[in-house]
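The values are calculated or read from the model by the stated rules, or taken from the named source; none is laboratory data. From a predicted model like this one, the values you see are computed outputs, not experimental measurements. We place every Cβ from the backbone using ideal geometry, glycine too, and count neighbours over all the protein chains shown. In case anyone asks, the SASA skips ligands and DNA or RNA and just uses the protein heavy atoms, side chains included. Shrake-Rupley method; radii C 1.70, N 1.55, O 1.52, S 1.80 Å.
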Amino acid sequence: MTETPLSKFEKRENFAYFLAIQLRWDDNDAYGHINNSRYASFFDSTIMHYLSSGCGFDLKTGLVAAFTVENMCRFHQPLVFPASIDCGLRVANLGNSSVRYELGVFPEDTETVAATGYFIDVFVDAKTEKPTVIPENIRTALTNLTVNA
C-alpha cells in the first residue's frame, strides 16, 4: 500500500517539530471525544509556538503578521480526556510570502496518528496587511521544518 501525505499512515518521523499538549476536560464533546474544533486549535497553537519561540516571530510589535488563509483536518481515530498529545509540524511548501504547514496529532507515546491536517499562512506587512516576502530569519527557521514525508 502506498502511503499518502496526511493519511492515517503518517509516522512521527515525518515531522520535524512537536508540541506536547495536555487535553482538558472541556475539550470533550457530548459523545465523550475531543471536539472537532479543538484540533484546529492544536494546529494553530503548534504553529504559533514554533513561530514565536523558534523563529523570532514577534506577535505584538513585529513588522510582519501571518494570516491563515486555508486549513483542513482529517480525523483517523478519536481522542478522549484525560490524555496528552504531541502535535507534529512540518513545512510542505515554502513560497515567497506563503507557507503550507502539515500537522499530525499523536497520542502521547504512540506511533498511530489520530488526526492530520494543514494550514496555509500568508505573511503580510503588519501595517498595510498586504502580502510581503517572508523575512529571512523566519524563512530559515521554516526551512528547518522541511521533511520528506
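Points to keep in mind about this one:
- Search result, residues across region 62-71 that are aliphatic (A, V, I, L, M) and surrounded by 13 or more Cβ atoms within 10 Å (Cβ to Cβ): 64, 65, 66
- When we screen 6, 19 for residues that are in contact with a Ser or Thr (Cβ under 8 Å, 6 or more places away or on another chain), at pLDDT 95 or above, among the hydrophobic types (A, V, I, L, M, F, W, C) and open to solvent by less than 60 Å² (accessible area, probe 1.4 Å), the only hit is 19.
- Test for residue 78: is it exposed (fewer than 15 other Cβ atoms within 10 Å of the Cβ), modelled with pLDDT under 95 and in contact with a His (Cβ under 6 Å, 6 or more places away or on another chain): yes
- Qualifying residue in region 49-61 (condition: buried (at least 16 other Cβ atoms within 10 Å of the Cβ), touching a residue at least 24 places away in the same chain (Cβ under 8 Å) and closer than 19 Å to residue 112 by Cα): no
- Residues (open to solvent by 10 Å² or more (accessible area, probe 1.4 Å), in a strand (DSSP E or B) and farther than 15 Å from residue 72 by Cβ) located in region 87-117: 94, 98, 107
- For the residues 12, 90, the requirement of being under 25 Å from residue 136 (Cα atoms) and in contact with a strand residue (DSSP E or B) (Cβ under 7 Å, 6 or more places away or on another chain) singles out 90.
- Residue 68 farther than 22 Å from residue 109 by Cα and in a loop (DSSP other than H, G, I, E, B): no
- With respect to being in contact with a helix residue (DSSP H, G or I) (Cβ under 9 Å, 6 or more places away or on another chain) and of a type in the set (Phe, Trp, Tyr), residue 31 falls outside the description.
- Test: residue in region 27-34 that is under 15 Å from the mean Cα position of the chain (by Cα) and either assigned to a loop (DSSP other than H, G, I, E, B) or surrounded by 11 or more Cβ atoms within 10 Å (Cβ to Cβ) (or both): no
- A count restricted to region 133-143 and to residues that are assigned to a helix (DSSP H, G or I) and either open to solvent by less than 40 Å² (accessible area, probe 1.4 Å) or acidic (Asp, Glu) (or both) stands at 4.
- Residue 70 being on the phi > 0 side of the Ramachandran plot and at pLDDT 95 or above: no
- Single condition residue 130 does not satisfy, out of (1) open to solvent by less than 70 Å² (accessible area, probe 1.4 Å); (2) farther than 19 Å from residue 43 by Cβ; (3) of a type in the set (Lys, Arg): (1)
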